[in-house]
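Below is one structure, written out as structure tokens; the observations come after it.
The values are calculated or read from the model by the stated rules, or taken from the named source; none is laboratory data. Since the model is a prediction, treat every value here as computed from it, not as a measurement. Positions of Cβ are backbone-derived with ideal geometry, glycine not excepted, and every protein chain shown enters the neighbour counts.
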There are 2 protein chains.
Amino acid sequence: MEQTLSRLKAIDREIQLLTHTSALLGWDQETYMPSRAIKERAEQQSLLAGLIHDRLINPDIEGLFAACGVTDENPKGHESLSEQDRAFLRLFHRHYTRESKIPKELVVELSRQASLSQAKWIEARSKSDFAIFSPYLKKILDLTRQKAEKIGYKDHPYDALLDEFEPWMTSREVSEVFSDLKKRLQTLVRKIAASKQVDESFLLKDFPVDEQDEFGRAVLKDMGYDFERGRMDISAHPFTTGPGADDIRITTRYQADFFKTGLFGIIHECGHALYELGFKDEIKGTLLASGTSLGLHESQSRTWENLIGRSLSFWKHYYPKLKTSFPEQLKDISLEEFYRGVNRVEPTMIRVEADEVTYSLHIILRFELELALLTGELKVDDLPEAWNAKMEEFLGICPENDAEGVLQDIHWSFGAIGYFPTYSLGNLYGAQFYRTMKRDLGDIDDILAKGNLGSILSWLRKNIHQHGSIYTARELCEKVTGEPLSADYFISYLEEKYQGIYHY
Amino acid sequence: MEQTLSRLKAIDREIQLLTHTSALLGWDQETYMPSRAIKERAEQQSLLAGLIHDRLINPDIEGLFAACGVTDENPKGHESLSEQDRAFLRLFHRHYTRESKIPKELVVELSRQASLSQAKWIEARSKSDFAIFSPYLKKILDLTRQKAEKIGYKDHPYDALLDEFEPWMTSREVSEVFSDLKKRLQTLVRKIAASKQVDESFLLKDFPVDEQDEFGRAVLKDMGYDFERGRMDISAHPFTTGPGADDIRITTRYQADFFKTGLFGIIHECGHALYELGFKDEIKGTLLASGTSLGLHESQSRTWENLIGRSLSFWKHYYPKLKTSFPEQLKDISLEEFYRGVNRVEPTMIRVEADEVTYSLHIILRFELELALLTGELKVDDLPEAWNAKMEEFLGICPENDAEGVLQDIHWSFGAIGYFPTYSLGNLYGAQFYRTMKRDLGDIDDILAKGNLGSILSWLRKNIHQHGSIYTARELCEKVTGEPLSADYFISYLEEKYQGIYHY
């Protein structure tokens, strides 16, 4: 069995090396690639995807899994194996099973339609005309339904799709946590709307990009980001990617006239990167060296960005430094005013610009629409109307056109249905972990006010990062916090924090 | 046969895509890669090398070649095929034959020894102690001899090695052109040494890197380098690489206290890049889209760097612009003085810093030593002494230690024996082509003085670049210039030019 396992590990290693190579191609495409290289880059990526597929769907692999005792009922294989090897088998077998269930023709057709559909989405958004996009969305939806049928599910086709991004979670579970979240967030938004709005105008002054960069890099260092195992570059949309186990890169973008974009983006991406840089040596370079779910990954970025990076204690340490970097811009702004400014809550049309209170409502809106679209309960042609009605219901505002409404996100155009919930699950996981962290570390406000970010990273490494995908998100949540995922902690955090800011 | 050819072309296409992917990994490693990513990067490169090898040495390929009528006697296959397809077959079969002759164990052992030997070379050079390196060089030499035997040759084992870099050329041919070159260069060096030396001290003033970069990029644009199909970055050693058919990148390095390093390096690399960017559409993305030999490639870089970039006419156009960029540094320096300064000739120890007159003597020295080492006529232990004797004989100077003598180049440490001559062949090809170009274009000095670099690029595209590897270097030389390679044109060019500078 040791030998069989070694063969599986060797296959996995090749897959990881090819995946990292593909990550470098992607990183380069978004950062430094000359514009006309795009056509061949797509061919290179497609070749690598094929090589990865061939390694996963190889004729010997079922036999190798069987020899390790892996079955659908016993996904972790023989009990004599180590827990780590059993986690490896479970995850590898899961990848294999999902990939092998989707016929190649469907993959090709989805990929082809996604390209067409993405181009049409760009056109439709620029013209703010959903009718241009709707025939393509219908096709994508149809193919995605077929994909869900091929993969299989118990209760809802959504489960088959969600499972790609948030493994082992079902739409019913999401619905449960979201239903509580929705009600309480709506209440909170109403309370805040009835309160005196805070000022953020000073954040719209001129913040030269070079100084933003210098300040951001100093914060990255404090967070424990290792520039010998990563780097930061500029791209249109910030992201984190891993061209190697010791090579986890982040990107950012700066707006000279809006301070929040740069720094909070950097802290967010660094949160992702620290997860990827924190896997223990035993799993480094294997498929277990990955975030165990997108929700879990997002919990790391959002914890750093919001729970830590937008806390008063954090700015007790950093605000004096920030004032040194931007003395003119922040001249008459007190720490408290700055803190309130970076935490301003305001219902807006665009998800990616939303604050941490309204953000999850944008997600729940999409989740509910996706569920209804998949079953056919909601027709694509009725989507803009449904979107606008929910915006009105959730946030009390209504898009004036499709571009700032139903056409704002790229995800559906390439069939990424089931992805959105993970953003919001990240908020929930994050707050729940954070509560345990606070219990373990003691006076976390004091720790932050002293700028001692190292002890926070140590806690995250020990409790979350090192394990990679050894535990499922559910297992990890229960292991660390002692209970299953709940929206309570996130909501309580928001209620308490914004009470302090808005005094409702 | 059409179908067989298509299969071969599909195999080649995969090889090209993997080769370009590997080029991106290499580019990244030299420019932006975080330091600790190096270990996995080597694994990624090794995996890609294996994938490329598997595609070339695949069980069907001999049958495919045979079906196209390819034999050792008829390397271009059936005469009914187009000239381009026949050139494709000849080159592909050549790659296959070379690769298949070298046993995998020998490749692995050479690669292993090369790693060890490179590390020892670094140590030996830093301690300036050849004895540290010599046992490793002996092994490398032994393995390289084995490789030559496996590949096979008619007259001299050197031919098997040279052929990797300068296909279809023999050491006898190199010896012939070099013997003429050596004598006349030695005479020229002596004449110059007896003349009044020119001043270059103004090139050692402070030239801020940002201004150097701006000036260099302007020259690149004038040369016709397309920044939509390439880019320029900084690396320790300048190079040109192709991560895609529409993605040919160059790198440079600047020395703030030595103007020549940056600009002439940029022009040199751009010469390489323009070759790679100039292949005609019909061969783009295939194995024919490559320089037909390293010597031919080097002819392009050296033509731009030396024949054009160090000409008086070129600076008639650019010197006023350069003075605008560096008014203080060049205040009292006339065009003539500047021209003489950038063309200063002086025998020095280090090849990579040599001027265009002494450069080829450094190469001939290495070529002669390589020949003697391969046959065993010269023993590794006697190499430093032989090196120093030749330096004395060729350039009238003698290294004070091994670091500035026999240990200066990395090439031998990884088995690149047979590579050096291509640098010098580039000078010869370049001068011979340039003479034909001058005949075709008319008053080239007037063209350069007007800054009309576009007509030069057009000539190079039409006569050289577009063909890629369709013709061998020898075929191309005869096709363009009407005669085989000769050292005459290079020597005459040098004699005439330096007569004007040194008035000997």
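Below are the figures for this structure:
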{"item": "Matching option when the condition is under 25 Å from A:Ala87 (Cβ atoms), β-branched (Val, Ile, Thr) and touching a helix residue (DSSP H, G or I) at 6+ places or on another chain (Cβ under 8 Å), among A:Ile38, A:Ile52", "result": "A:Ile52"}
{"item": "Yes/no for A:Gly285 being at positive phi, surrounded by fewer than 23 Cβ atoms within 10 Å (Cβ to Cβ), touching a Gly at 6+ places or on another chain (Cβ under 7 Å) and not hydroxyl-bearing (Ser, Thr, Tyr)", "result": "no"}
{"item": "Residues that are more than 18 Å from A:His95 (Cβ to Cβ) and in contact with a Leu (Cβ under 7 Å, 6 or more places away or on another chain), drawn from region A:25-75", "result": "A:Leu25, A:Asp28, A:Arg41, A:Glu43, A:Gln44, A:Gln45, A:Leu47"}
{"item": "A:Gly405 vs. criteria modelled with pLDDT of 95 or more, in contact with a Cys (Cβ under 9 Å, 6 or more places away or on another chain), surrounded by 15 or more Cβ atoms within 10 Å (Cβ to Cβ) and under 25 Å from A:Val357 (Cα atoms)", "result": "yes"}
{"item": "Tally of residues being of a type in the set (Val, Ile, Thr) and in a loop (DSSP other than H, G, I, E, B) across region B:319-346", "result": "2"}
{"item": "Tally, over region B:248-259, of residues that are under 19 Å from the mean Cα position of the chain (by Cα) and either touching a residue at least 40 places away in the same chain (Cβ under 8 Å) or more than 14 Å from every other protein chain (Cβ to nearest Cβ) (or both)", "result": "4"}
{"item": "Number of the condition not met by A:Leu47 [criteria: (1) within 13 Å of chain B (Cβ to nearest Cβ); (2) surrounded by fewer than 17 Cβ atoms within 10 Å (Cβ to Cβ); (3) without any contact (Cβ under 8 Å) to a residue 12 or more places away in the chain]", "result": "(2)"}
{"item": "Condition check for B:Gly451: surrounded by fewer than 19 Cβ atoms within 10 Å (Cβ to Cβ), within 15 Å of B:Ser311 (Cβ to Cβ), touching an Asp or Glu at 6+ places or on another chain (Cβ under 8 Å) and of a type outside the set (S, T, N, Q)", "result": "yes"}
{"item": "Residue, farthest from A:Ser46 (Cα to Cα), within region B:5-14, restricted to residues that are more than 11 Å from every other protein chain (Cβ to nearest Cβ) and surrounded by fewer than 20 Cβ atoms within 10 Å (Cβ to Cβ)", "result": "B:Leu5"}
{"item": "Residue tally, condition more than 8 Å from chain A (Cβ to nearest Cβ) and out of contact with any strand residue (DSSP E or B) (no Cβ under 9 Å at 6 or more places or on another chain), over region B:23-37", "result": "1"}
{"item": "Residue match in region A:338-360 (condition: of a type in the set (Gly, Ala, Ser) and under 23 Å from the mean Cα position of the chain (by Cα))", "result": "yes"}
{"item": "Matching entry among B:Ile363, B:Ile333 (being among the β-branched types (Val, Ile, Thr) and over 21 Å from the mean Cα position of the chain (by Cα))", "result": "B:Ile333"}
{"item": "Among the residues listed as B:Gly291, B:Gly262, B:Gly242, the single one being at pLDDT 95 or above and part of a helix (DSSP H, G or I)", "result": "B:Gly262"}
{"item": "For B:Leu17: the one exception among (1) at the interface with chain A (Cβ under 9 Å from one of its Cβ atoms); (2) surrounded by fewer than 18 Cβ atoms within 10 Å (Cβ to Cβ)", "result": "(2)"}
{"item": "Scope region B:222-235; condition within 14 Å of chain A (Cβ to nearest Cβ) and outside any loop (DSSP other than H, G, I, E, B); matching residues", "result": "B:Met232, B:Asp233, B:Ile234"}
{"item": "Filter result for A:Met349 (of a type in the set (A, V, I, L, M, F, W, C) and in a helix (DSSP H, G or I))", "result": "no"}
{"item": "Residue match in region B:51-63 (condition: facing another protein chain (nearest Cβ under 7 Å) and either touching a residue at least 60 places away in the same chain (Cβ under 8 Å) or not in a helix (DSSP H, G or I) (or both))", "result": "no"}
{"item": "Region B:271-282, residues that are part of a helix (DSSP H, G or I), touching a residue at least 40 places away in the same chain (Cβ under 8 Å) and either surrounded by fewer than 21 Cβ atoms within 10 Å (Cβ to Cβ) or within 13 Å of chain A (Cβ to nearest Cβ) (or both)", "result": "B:Ala273, B:Leu277, B:Glu282"}
{"item": "Count - residues of region B:145-201 that are on the phi < 0 side of the Ramachandran plot and in a loop (DSSP other than H, G, I, E, B)", "result": "15"}
{"item": "Sole exception among (1) of a type in the set (Ser, Thr, Tyr); (2) in contact with a helix residue (DSSP H, G or I) (Cβ under 9 Å, 6 or more places away or on another chain); (3) surrounded by fewer than 20 Cβ atoms within 10 Å (Cβ to Cβ); (4) within 30 Å of A:Glu404 (Cβ to Cβ) for A:Ser100, by number", "result": "(4)"}
{"item": "Qualifying position, being touching an Asp or Glu at 6+ places or on another chain (Cβ under 7 Å) and surrounded by fewer than 20 Cβ atoms within 10 Å (Cβ to Cβ), among B:Ser293, B:Ser313", "result": "B:Ser313"}
{"item": "Filter result (crowded, with 18+ Cβ neighbours inside 10 Å and under 26 Å from the mean Cα position of the chain (by Cα)) within region B:33-43", "result": "B:Met33, B:Arg41"}
{"item": "Check on B:Glu305, part of a helix (DSSP H, G or I), within 14 Å of another protein chain (Cβ to nearest Cβ) and not aromatic (Phe, Trp, Tyr)", "result": "no"}
{"item": "Members of region A:115-131 that are in contact with a Leu (Cβ under 9 Å, 6 or more places away or on another chain), of a type in the set (A, V, I, L, M) and surrounded by fewer than 18 Cβ atoms within 10 Å (Cβ to Cβ)", "result": "none"}
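Quick grid of which residues meet (1) more than 20 Å from the chain's Cα centre (by Cα); (2) among the hydrophobic types (A, V, I, L, M, F, W, C); (3) at pLDDT 95 or above; (4) not assigned by TED's automatic domain parsing to the domain that holds B:Leu288:
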position: B:Asp445; (1), (2), (3), (4): yes, no, yes, no
position: B:Leu448; (1), (2), (3), (4): yes, yes, yes, no
position: B:Asn452; (1), (2), (3), (4): yes, no, yes, no
position: B:His465; (1), (2), (3), (4): no, no, yes, no
position: B:Ser486; (1), (2), (3), (4): no, no, yes, yes
position: B:Leu494; (1), (2), (3), (4): no, yes, yes, yes
position: B:Gly500; (1), (2), (3), (4): yes, no, yes, yes
